[in-house]
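Nothing in this text is a laboratory measurement; each read-out follows from the coordinates by a stated rule. None of the values given here were measured: they were computed from a predicted structure. Ideal geometry is used to build each Cβ from the backbone, glycine not excepted, and the neighbour counts take in all protein chains shown.
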Amino acid sequence: MKSFPVGTVVSYICRPGYIEILGKPSTRRCLEDSQWSPIEQFCTERKCKHPGKLEHGFTNVTDLTFGSKATFSCEGGFRLRGTNEISCVIKDKVVNWNRDLPFCERIPCEPPPDIANGRYTAAADYVYQTSVTYTCDEVPKGADPFSLIGPPTIFCTYDAHLNGVWSEPPPQCRVVKCDNPKVENGRKISGFGSSYSYRDSVVFECDPGYFMIGPEVITCGENNTWSPPKPTCEKSVCHAPKITHGVVIPEKAIYEEGESVQIKCSAYYTFPDGAAEVTVTCQGQETWSSLQNSACEPESSASTPDISYGRVIDGQKPSYSVGDFITIECYAGYTLHGEARIQYIGENQWIPGVPACQLSPYITAIICVIVAIVVFLAAFWVYKKFFSQNGKRDSTPCTAEYKICKA
């Protein structure tokens with residue numbers, strides 16, 4: 001119908017994949033105002049059954065309603081056979097999963113590779129974590145045996161594309177022979193024999209008076225050579241000690257173990273304890289006794305030189321080492337006699353010598369003039385006081401007395 005008279009009732013049915021909700025009406029009526037009566041949702045999605053657990057794998061389902069999806073993955077060492085995703089759809093008027101469930105199979109490997117002169121332990125099949133062990137063939141009595149080069153056991157694993165691979169290449173069976181090692185000035189202490197095969201080891205030690213350079217243990221390697229290379233035994237000697245600002249007595253290139261030498265510091269240098277010389281002894285293997293305390297250090301002075309009427313304006317320190325400089329200036333009114341900048345050379349000596357501060361000639365002249373004026377004034381005052389006044393005192397009485405005589 002295209003139009004419905006008032007009072008008409010219509011019924012609904014749910015579409016495939018949906019089911020009616022119990023208790024919810026599925027009808028509507030045309031009302032007097034020509035409007036349809038309201039209706040609540042009465043259809044809901046049908047649900048598929050849970051697809052189930054995946055052996056050696058994982059099932060990821062967020063919802064089971066019509067239209068939802070389920071995904072699958074496998075644990076390490078297994079790979080998925082079948083689809084990795086299924087959907088809940090309508091099948092035969094009901095909802096169901098659209099595909100069969102996948103399964104996880106253990107990743108297989110190809111049979112392990114064969115090797116010459118050897119064999120491996122066979123298995124029914126070769127899948128993830130299956131291991132095989134290789135051994136070398138026996139040889140007739142008196143013949144050189146085969147040595148297994150490499151790891152004896154390998155196992156089936158997988159790569160980034162989930163393809164089965166063996167953990168590493170198979171070992172090899174080869175005849176390995178190393179020569180009889182000998183060390184000059186040394187001897188074997190274990191591993192005695194006339195012939196040596198793969199992984200045989202020998203331990204050496206040096207004769208008295210010699211020390212070893214290199215490893216004491218060597219092993220026969222797969223390339224018929226010793227690894228690491230055999231050591232050498234060197235005579236236990238010392239090279240001449242290296243002393244800065246000093247000399248070694250007697251001076252030689254090589255010193256025997258137990259031999260002693262004297263070390264003397266150069267001029268203006270001393271040892272830390274103030275000694276003039278020290279004796280050190282070769283202990284062998286390039287080691288000298290007490291050499292760590294045999295460093296020559298610059299001498300130090302006790303204090304800054306005493307400068308009358310002057311001072312140090314640059315380089316002043318509590319003590320001085322050979323080569324230190326200081327700069328001196330005089331106080332106002334004094335003149336420097338000598339060099340202003342002097343250098344310490346040790347033993348409390350300075351070059352070109354500590355200068356002296358003396359009064360300026362102008363000041364000396366002024367002082368002399370002042371002294372002369374003071375002396376002159378003093379003499380004049382004495383003269384005026386004693387000689388001038390005494391002369392007047394003598395003339396007056398004598399005249400009076402003379403007049404009296406005349407009368």
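Within the stretch 170-249, the GluC sites (Glu not before Pro) that combine a DSSP coil assignment with at most 11 other C-beta atoms in a 10 angstrom radius are GLU184. Net charge in the neighbourhood of TYR12 (other residues with Cβ under 14 Å of its Cβ; Lys, Arg +1, Asp, Glu -1) is +2. Fully extending the segment from ALA160 to VAL312, taken as 0.36 nm per residue of separation minus the present Cα-Cα distance, adds 46.7 nm.
A simple rule links phi to the HN-Hα coupling: the Karplus curve 6.51 cos²θ - 1.76 cosθ + 1.60 with θ = phi - 60°, which for the stretch 140-155 gives x, 4, x, 7, 5, x, 7, 10, 7, 9, x, x, x, 10, 10, 9 Hz, with x for Gly and Pro. Full extension of the chain between ASP144 and GLU205 yields a length gain of 19.0 nm, computed as 0.36 nm times the residue separation minus the alpha carbon distance. For the chain, the longest principal axis of the alpha carbon atoms and the long axis of helix 361-382 meet at an angle near 40°.
For the chain, the Kirkwood estimate of the hydrodynamic radius, built from every pair of different alpha carbons, is 37.6 Å. Look at the alpha carbon pairs under 8 Å that are at least 6 residues apart: their mean separation over the length of the stretch 57-106 gives a relative contact order of 34 percent. Could you point to the residue in ALA122, CYS178, SER11 farthest towards the positive end of the chain's charge dipole, with +1 and -1 charges on the Cβ of Lys/Arg and Asp/Glu respectively? My answer, from the dipole projection, is SER11. Sparsely packed loop sites in the stretch 143-189 (the trypsin sites (Lys or Arg not before Pro) outside DSSP H, G, I, E and B with at most 16 other Cβ atoms within 10 Å) comprise LYS177, LYS182. Taking all Cα pairs closer than 8 Å and separated by 6 or more residues, the relative contact order of the chain comes to 6 percent. Near GLN283: Cβ cut-off under 13 Å, other residues only, Lys/Arg at +1 and Asp/Glu at -1. The net charge is -4.
Can you tell me how the stretch 129-278 classifies by the Cα gyration tensor, rounded, prolate or oblate, using a/c under 1.5 as the rounded cut? Taking the square roots of the gyration eigenvalues as a ≥ b ≥ c, the stretch 129-278 is oblate. Considering helices alone, the calculated mean residue ellipticity of the chain at 222 nm is -3500 deg cm²/dmol, with DSSP H runs of length four and up weighted by -39500 (n - 2.57) and normalised per residue. The distance between label points at ASP125 and THR71 comes to 2.9 nm (points 7 Å beyond Cα on the Cα→Cβ vector). One Cα centroid belongs to the stretch 150-212, the other to the stretch 269-298; the line between them spans 46 Å. First check a/c for the stretch 27-121, with a ≥ b ≥ c the square roots of the eigenvalues of its C-alpha gyration tensor; if it is under 1.5, answer rounded, and if not, answer prolate when a/b is larger than b/c or oblate otherwise. Cα axes put the stretch 27-121 in the prolate bin.
About its Cα centre, what dipole magnitude does the chain give when the only charges are +1 on Lys and Arg Cβ and -1 on Asp and Glu Cβ, stated in debye to the nearest 20?
In debye, rounded to 20, the chain gives about 2220.
Restricting the stretch 241-341 to chymotrypsin sites (Phe, Trp or Tyr not before Pro) that sit in a DSSP loop and have at most 12 other Cβ atoms within 10 Å of their own Cβ leaves TYR331. Net charge near GLN349: determine it from the other residues with C-beta under 13 Å of the C-beta of GLN349, scoring Lys and Arg +1 and Asp and Glu -1. Residues near GLN349 contribute -3 overall.
Each label was represented as a point 7 Å from its Cα along the Cα-to-Cβ direction; for THR62 and SER195 these points are 7.3 nm apart. For the stretch 250-256, 3J(HN,Hα) computed residue by residue from phi via the Karplus equation (6.51, -1.76, 1.60; θ = phi - 60°) reads x, 9, 9, 7, 10, 10, 6 Hz, glycine and proline entered as x. Averaging the sequence gap over all C-alpha pairs within less than 8 Å and six or more residues apart, then dividing by the number of residues, gives the stretch 310-359 a relative contact order of 34 percent. Debye-formula intensities of the stretch 118-174, expressed as log10 I(q)/I(0) at q = 0.21, 0.23, 0.30 Å⁻¹, are -0.80, -0.89, -1.18 (one equal scatterer per alpha-carbon, no solvent). Have a look at GLY246, GLY118, GLY353 and tell me which one the Gaussian network model of the chain (Cα, springs below 10 Å) gives the largest fluctuation. Among GLY246, GLY118, GLY353, the largest mean-square fluctuation in the Gaussian network model of the chain belongs to GLY353.
What is the ratio of the Cα radius of gyration of the stretch 310-359 to 2.2 N^0.38 Å, with N the residue count, to two decimals?
Relative to the 2.2 N^0.38 Å estimate, the stretch 310-359 comes out at 1.13.
If you model the stretch 186-235 as an ellipsoid using its alpha carbon gyration tensor, with each semi-axis the square root of five times an eigenvalue, the axes come out at 21, 12, 7 Å, biggest first.
Hey, which of these cross-link pairs are over 29 Å Cα-Cα: LYS24/LYS93; LYS182/LYS242; LYS2/LYS49; LYS188/LYS235; LYS24/LYS49; LYS2/LYS69? It would help to have the intermediate numbers written out before the result.
Values: LYS24/LYS93 22 Å; LYS182/LYS242 35 Å; LYS2/LYS49 41 Å; LYS188/LYS235 18 Å; LYS24/LYS49 25 Å; LYS2/LYS69 40 Å.
Table pairs above 29 Å Cα-Cα are LYS182/LYS242; LYS2/LYS49; LYS2/LYS69.
Using the alpha-carbon atoms, what tilt in degrees (0 to 90, nearest 10) does helix 389-406 show relative to the longest principal axis of the chain? Approximately 20 degrees, to the nearest 10.
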